[in-house]
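The values are calculated or read from the model by the stated rules, or taken from the named source; none is laboratory data. The shown structure was predicted, so the numbers you read here are calculated from the model rather than taken from an experiment. Here Cβ is always computed from backbone atoms with ideal geometry, including for glycine, and neighbour counts include all displayed protein chains.
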Amino acid sequence: MAKIKGAIVVDIDGCKGCGLCIEACPVEVISLSDNVNVKGYHYSYMTDPDACTGCSNCAIICPDGIITVYRIKI
Amino acid sequence: MAENAITTKELVKKENLVYQKTKLLTDDVMHYCPGCGHGTTHRLIAEIVEEMGIQSEIIGVAPVGCSVLMYNYMNFDMQEAAHGRAPAVATGIKRLLPEKYVFTYQGDGDLAAIGTGETIHACNRGENITMIFINNGIYGMTGGQMAPTTLIGMKSSTTPYGREVSLAGNPLNMTDLIVNLPGTYFVSRQSVHTPGNVRKAKKAIKKAFEYQSLNKGTCFVEVVSNCPAGWKMTPVESNKWLAENMLPFYPLGDLKVPEE
Ligand SMILES: Cc1ncc(C[n+]2csc(CCOP(=O)(O)OP(=O)(O)O)c2C)c(N)n1
Ligand code: SF4
Ligand SMILES: [Mg+2]
């Protein structure tokens with residue numbers, strides 16, 4: 001059976017750490033980093049990249065459009 | 001399985017791209033507070049303009065309110081209007097340049113308080129413009145004061161114990177009002193608080209732009225939105241609060257659809 005695998009790339013310095021992407025991800029891929037970006041915000045990153053399906057929910061809810069999504073069938 | 005071992009690095013390639021920020025938004029960082037629905041709605045409008053291929057044919061009119069700097073973010077022509085007067089400015093632009101797509105973008109303080117007259121008359125005249133109405137139930141920009149749209153019992157900086165009807169009157173449901181005017185052609189109420197709702201809002205806003213080319217009247221989309229700063233909540237809490245409190249009074253869906 002074909003499997004879908006996805007990945008996101010977060011523009012770290014564009015992230016405001018609102019956390020809406022974390023809430024929107026159905027498979028709990030994203031967390032806020034313990035580190036902060038240039039603006040002092042804890043930014044989003046993939047904690048569980050293997051679980052990502054590339055559904056784009058995180059990118060669609062992001063008010064700042066800073067998430068880019070990739071997806072392949074394997 | 002060996003294929004499953006594909007790394008993120010191998011996946012992140014142009015040919016696997018499924019979503020990226022539209023080029024119809026500028027590279028400027030939006031000044032909105034973290035989690036604010038203004039940014040999401042800006043992005044939807046920019047994506048729609050890109051999909052419709054109308055970058056050089058569209059003129060937006062920005063309001064006074066948090067979205068006063070909208071023109072910095074949209075990669076197409078924008079005009080700033082005085083507080084509440086966006087529909088009047090858009091009327092002028094559309095009448096002079098009827099071949100252009102013209103839209104207004106306004107908050108609830110702008111559209112439903114100081115600009116109530118302009119809103120009602122533009123909709124009643126049936127101006128061939130698209131109106132996008134960001135309703136966060138509050139004056140976000142000036143410090144979270146009560147707006148006409150503030151819910152009964154809702155706290156704001158000028159109703160610290162919650163809005164009381166005996167003192168502050170009833171909340172104004174602008175979209176329910178203008179749907180009854182003969183000049184409106186398409187009227188919808190949407191929200192951007194979940195990915196599913198963002199997708200639906202995009203469809204409705206796109207229709208509101210497409211219908212403009214028919215010259216049949218005003219197309220109006222309310223976007224029920226959050227104001228985490230003014231509501232004094234985290235962005236995630238504000239979206240939950242929106243679903244539980246705003247949506248019962250501002251229910252989502254199409255209110256007026258053209259007969260096919
Ligand atoms: C003529 C005039 N009156 C009052 C103001 C002050 N003012 C600026 S923004 C605003 C309300 C904005 O609220 P809203 O339209 O809901 O936008 P939001 O910030 O919530 O998106 C007010 C009253 C002004 N700028 N000009
Ligand atoms: S004050 Fe409210 S409406 Fe304005 S940017 Fe902040 S969250 Fe958005
Ligand atoms: Mg407002």
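Restricting the search to strands (runs of 3 or more DSSP E) fully inside region B:51-114 and requiring at least 1 residues that are aromatic (Phe, Trp, Tyr) and within 16 Å of ligand 1 (Cβ to nearest atom) gives B:101-107. Take the residues of region A:18-39 that are closer than 22 Å to B:ASN226 by Cβ, free of Cβ contacts under 8 Å to residues at least 40 places away in the same chain and in a loop (DSSP other than H, G, I, E, B): which is nearest to the other protein chains (Cβ to nearest Cβ)? So, considering only residues that are closer than 22 Å to B:ASN226 by Cβ, free of Cβ contacts under 8 Å to residues at least 40 places away in the same chain and in a loop (DSSP other than H, G, I, E, B), the one nearest to the other protein chains (Cβ to nearest Cβ) is A:GLY19. Filtered by the rule that a residue be away from ligand 3 (no atom under 15 Å from the Cβ) and closer than 29 Å to B:GLY144 by Cβ, region B:43-68 gives B:ARG43, B:LEU44, B:ILE45, B:ALA46, B:GLY60, B:VAL61. Screening the candidates B:GLY109, B:GLY137, B:GLY143 for the property of being in contact with a Pro (Cβ under 9 Å, 6 or more places away or on another chain), touching a residue at least 24 places away in the same chain (Cβ under 8 Å), within 14 Å of ligand 2 (Cβ to nearest atom) and at positive phi yields one hit, B:GLY137. Within region B:135-144, the residues that satisfy the criterion of being under 25 Å from B:PRO251 (Cβ atoms) and more than 6 Å from ligand 1 (Cβ to nearest atom) are B:ASN135, B:GLY137, B:GLY144.
Consider region B:115-134 and keep the residues that are without any contact (Cβ under 8 Å) to a residue 40 or more places away in the chain and surrounded by fewer than 21 Cβ atoms within 10 Å (Cβ to Cβ). The one that is nearest to ligand 3 (Cβ to nearest atom) is B:GLY117.
Is it the case that some residue within region A:36-44 is within 10 Å of the chain's Cα centre (by Cα), of a type in the set (S, T, N, Q) and crowded, with 23+ Cβ neighbours inside 10 Å? Taking every residue of region A:36-44 in turn, at least one turns out to be within 10 Å of the chain's Cα centre (by Cα), of a type in the set (S, T, N, Q) and crowded, with 23+ Cβ neighbours inside 10 Å.
Inside region A:40-64, residues that are more than 9 Å from chain B (Cβ to nearest Cβ), out of contact with any Asp or Glu (no Cβ under 7 Å at 6 or more places or on another chain) and part of a loop (DSSP other than H, G, I, E, B) make up a count of 3.
Every condition in (1) more than 25 Å from B:GLY35 (Cβ to Cβ); (2) of a type in the set (Ser, Thr, Tyr); (3) assigned to a loop (DSSP other than H, G, I, E, B) holds for B:THR149 except the one numbered (1). None of B:ASN180, B:ASN215, B:ASN226 is at pLDDT 95 or above, in contact with a Gly (Cβ under 7 Å, 6 or more places away or on another chain) and either away from chain A (no Cβ under 14 Å) or surrounded by 15 or more Cβ atoms within 10 Å (Cβ to Cβ) (or both) except B:ASN226. Is at least one residue of region B:42-50 at the interface with another protein chain (Cβ under 9 Å from one of its Cβ atoms) and among the basic types (Lys, Arg)? Looking for residues that are at the interface with another protein chain (Cβ under 9 Å from one of its Cβ atoms) and among the basic types (Lys, Arg), one finds at least one in region B:42-50, hence yes.
Being within 16 Å of ligand 1 (Cβ to nearest atom), assigned to a helix (DSSP H, G or I) and not small (Gly, Ala, Ser) is a description that applies to B:HIS38.
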